[in-house]
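Everything on this sheet refers to the single structure shown next.
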Amino acid sequence: MEIRIGVQNSPREVVLESTESVADVSAAVSAALKGGTTLTLKDERGRTVLVPGAAIAFVEIGSEEKRGVGFGAL
(Lines give C-alpha, C1' and ligand atoms only; values in the text may rest on other atoms or scores of the structure.)
Protein backbone atom coordinates (compact mmCIF):
# COMPACT_ATOMS: atom_id res chain seq x y z
CA MET A 1 0.00 0.00 0.00
CA GLU A 2 1.09 3.56 -0.58
CA ILE A 3 1.82 5.83 2.38
CA ARG A 4 2.24 9.59 1.94
CA ILE A 5 3.69 11.66 4.77
CA GLY A 6 3.63 15.45 4.75
CA VAL A 7 6.47 17.10 6.63
CA GLN A 8 6.10 20.58 8.11
CA ASN A 9 8.14 23.33 6.40
CA SER A 10 8.95 21.04 3.48
CA PRO A 11 7.36 21.34 0.03
CA ARG A 12 7.81 17.64 -0.73
CA GLU A 13 6.04 14.63 0.69
CA VAL A 14 7.64 11.36 1.76
CA VAL A 15 6.04 8.58 -0.33
CA LEU A 16 6.68 4.88 0.19
CA GLU A 17 5.15 1.51 -0.65
CA SER A 18 4.80 -0.71 2.40
CA THR A 19 3.69 -4.26 3.09
CA GLU A 20 2.65 -3.40 6.67
CA SER A 21 -1.04 -3.47 7.53
CA VAL A 22 -3.16 -0.34 7.90
CA ALA A 23 -3.58 -1.07 11.62
CA ASP A 24 0.19 -1.33 12.17
CA VAL A 25 0.91 1.91 10.30
CA SER A 26 -1.92 3.74 12.10
CA ALA A 27 -0.62 2.56 15.47
CA ALA A 28 2.94 3.66 14.65
CA VAL A 29 1.74 7.10 13.49
CA SER A 30 -0.44 7.58 16.57
CA ALA A 31 2.42 6.62 18.89
CA ALA A 32 4.82 9.03 17.14
CA LEU A 33 2.32 11.90 17.30
CA LYS A 34 1.37 11.33 20.95
CA GLY A 35 4.88 10.85 22.25
CA GLY A 36 6.72 13.19 19.91
CA THR A 37 8.99 10.28 18.97
CA THR A 38 10.30 9.25 15.59
CA LEU A 39 7.96 7.50 13.15
CA THR A 40 9.75 4.42 11.80
CA LEU A 41 8.35 2.56 8.78
CA LYS A 42 9.81 -0.06 6.42
CA ASP A 43 9.10 -0.03 2.71
CA GLU A 44 8.57 -3.14 0.60
CA ARG A 45 12.27 -3.23 -0.37
CA GLY A 46 13.37 -3.38 3.27
CA ARG A 47 14.52 0.24 3.55
CA THR A 48 13.73 2.12 6.75
CA VAL A 49 12.11 5.57 6.67
CA LEU A 50 12.39 7.79 9.75
CA VAL A 51 10.31 10.95 10.25
CA PRO A 52 10.35 13.03 13.45
CA GLY A 53 6.89 12.87 15.03
CA ALA A 54 6.91 16.60 15.80
CA ALA A 55 7.44 17.41 12.10
CA ILE A 56 4.56 15.33 10.71
CA ALA A 57 1.93 17.49 9.00
CA PHE A 58 -0.29 14.66 7.70
CA VAL A 59 -0.24 10.96 6.87
CA GLU A 60 -2.30 9.45 4.06
CA ILE A 61 -2.59 5.65 4.11
CA GLY A 62 -3.74 3.92 0.92
CA SER A 63 -5.90 0.82 0.79
CA GLU A 64 -4.44 -2.65 1.22
CA GLU A 65 -6.26 -4.01 -1.83
CA LYS A 66 -4.31 -4.53 -5.01
CA ARG A 67 -6.08 -3.10 -8.04
CA GLY A 68 -6.22 -5.13 -11.20
CA VAL A 69 -4.58 -3.86 -14.35
CA GLY A 70 -5.97 -4.29 -17.85
CA PHE A 71 -9.31 -4.64 -19.55
CA GLY A 72 -10.20 -8.05 -18.10
CA ALA A 73 -9.46 -7.14 -14.45
CA LEU A 74 -12.46 -7.30 -12.14
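The values are calculated or read from the model by the stated rules, or taken from the named source; none is laboratory data. All figures in this text were calculated on a predicted structure; none of them were measured in a lab. Please note: Cβ atoms are built from the backbone with ideal geometry, for glycine as well, and neighbour counts cover all protein chains shown. Note: areas computed on protein heavy atoms with side chains; ligands, DNA, RNA excluded. Shrake-Rupley method; radii C 1.70, N 1.55, O 1.52, S 1.80 Å.
Name all residues of the range 17-43 having a backbone nitrogen under 19 Å from the label point set 7 Å from the Cα of Ser63 along its Cα→Cβ direction, giving them as ranges.
The answer is 17-26.
Using Cα-only point scatterers and the Debye equation, what is log10 of I(q)/I(0) for the chain at each q in 0.11, 0.15, 0.23, 0.27 Å⁻¹, rounded to two decimals?
-0.30, -0.52, -1.04, -1.34
Considering amide H positions built from the backbone, and no H for Pro or chain starts, which residues 5 or more places from Thr38, or on another chain, come under 5 Å of its amide H?
Gly53
Relative to the longest principal axis of the chain, what angle (0 to 90°, nearest 10) does the C-alpha long axis of helix 22-35 take?
10
Determine the calculated [θ] at 222 nm for the chain from helices alone, applying -39500 (n - 2.57) to every DSSP H run no shorter than 4 residues and normalising by the residue count; nearest 500 deg cm²/dmol. Spell out each step's value before the answer.
Working: 1 runs with 14 residues, N = 74.
Estimated from H runs of four or more residues: -6000 deg cm²/dmol.
At 1.4 Å probe radius, can you tell me the per residue accessible area of the chain in Å²? Could the numbers behind the result be given before it?
Values: 5320 Å² over 74 residues.
Value for the chain: 72 Å² per residue.
Go through the chain and name the trypsin sites (Lys or Arg not before Pro) that are in a DSSP coil and have 13 or fewer other Cβ atoms within 10 Å of their Cβ. All intermediate terms of the calculation are to be shown ahead of the outcome.
Details: sites: Arg4, Arg12, Lys34, Lys42, Arg45, Arg47, Lys66, Arg67; in loops: Arg12, Arg45, Arg47, Lys66, Arg67.
Listed in order of number, the matching sites are Arg12, Arg45, Arg47, Lys66, Arg67.
Computing the accessible area with a 1.4 Å probe over protein heavy atoms, can you report the carbon and sulfur percentage for the chain?
Numbers: 2720 of 5320 Å².
After summing per-atom areas, the C and S share lands at 51 percent.
Percent relative contact order of the chain, based on C-alpha pairs within less than 8 angstrom and at least six residues apart? Walk me through the numbers on the way to the answer.
Numbers: 110 pairs, mean separation 26.8, N = 74.
Normalised by residue count, the contact order of the chain is 36 percent.
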